[in-house]
Structures are given as C-alpha cells and as structure tokens.
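Below: the structure, in structure tokens.
The values are calculated or read from the model by the stated rules, or taken from the named source; none is laboratory data. Note that the structure is predicted; figures quoted are calculated from it, not measured. Here the Cβ is made from the backbone with ideal geometry for all residues, glycine too, and neighbour counts use every protein chain on show. All accessible areas refer to the heavy atoms of the entire protein, side chains included, with ligands and DNA or RNA removed. Shrake-Rupley method; radii C 1.70, N 1.55, O 1.52, S 1.80 Å.
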Amino acid sequence: MTEKTKKYLVDIIISIELIDDFLGNTITFSDYERDFKTKSAVERQLIIIGEITNKIKNIEVIELSHSKEIINFRNRLVHAYDSIDDSIVWAIKINHLPQLKIEVEALLK
C-alpha cells in the first residue's frame, strides 16, 4: 500500500469522525432533518469519502466494501443535490459508516 493510499484511508476515518462529531447532539432523525447546517456538514464529509474512495480505486487494488455505492452517492450529492433524501444520509450514518470505519482501520494495520 502506498503512502498516498494510507493518507487517503486516514482521511476517510477523519471524515467519519467529523460526521460523528457533527451529529453528536443530534439524537433523532427529525432533529437531523431540521438542522440545515449539520446536514450540509455531513453531506460535505460524505462527498469527501466518495472522492477518496474513487481516488483509491484508481491508484490501488484495494477494494472497499460498497465502493461503487459510495462513489455513486458522492456523485448524487454533488450533481443531484436537489433530490437528496435525508433518510438515506441518516441510514448511511447509522448503518454503513461504522462498518466502513472498521474496514479502513483494519486496512491501516
């Protein structure tokens, strides 16, 4: 694994931790839905995760689980911002980011 890839993987962890921080006081989906600043911050970090995943795919033979979906969602956030369903973002945070963090941490060991 190249040093550049290691840096990208660390950046994914940082983005996931930032999302956790941004959502620290956001207990329910309804709270999230009403908090435009937090939604913007979370979406920005998901864009970064998607961009990093795409960069890794182009320089390494490392395949993250759901990398295609991560990249596709990044593209949707950037290009179809007006059709983003908040419940999908919330589900990604709850159901997928914890597993992605575990996977990335394992790759870094």
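Kindly indicate whether any position in the range 80-87 is in contact with a helix residue (DSSP H, G or I) (Cβ under 7 Å, 6 or more places away or on another chain) and open to solvent by 60 Å² or more (accessible area, probe 1.4 Å).
No, that holds for no residue.
Do we find a residue being over 30 Å from Met1 (Cβ atoms) and open to solvent by 30 Å² or more (accessible area, probe 1.4 Å) anywhere in the range 45-65?
Taking the range 45-65 first, the residues over 30 Å from Met1 (Cβ atoms) are none.
The answer is no, given that none of the residues of the range 45-65 is over 30 Å from Met1 (Cβ atoms) and open to solvent by 30 Å² or more (accessible area, probe 1.4 Å).
Exactly one condition in (1) open to solvent by 60 Å² or more (accessible area, probe 1.4 Å); (2) touching a residue at least 24 places away in the same chain (Cβ under 8 Å); (3) more than 17 Å from Gln99 (Cβ to Cβ) is false for Tyr8; which is it?
Result: Tyr8 passes all but (1).
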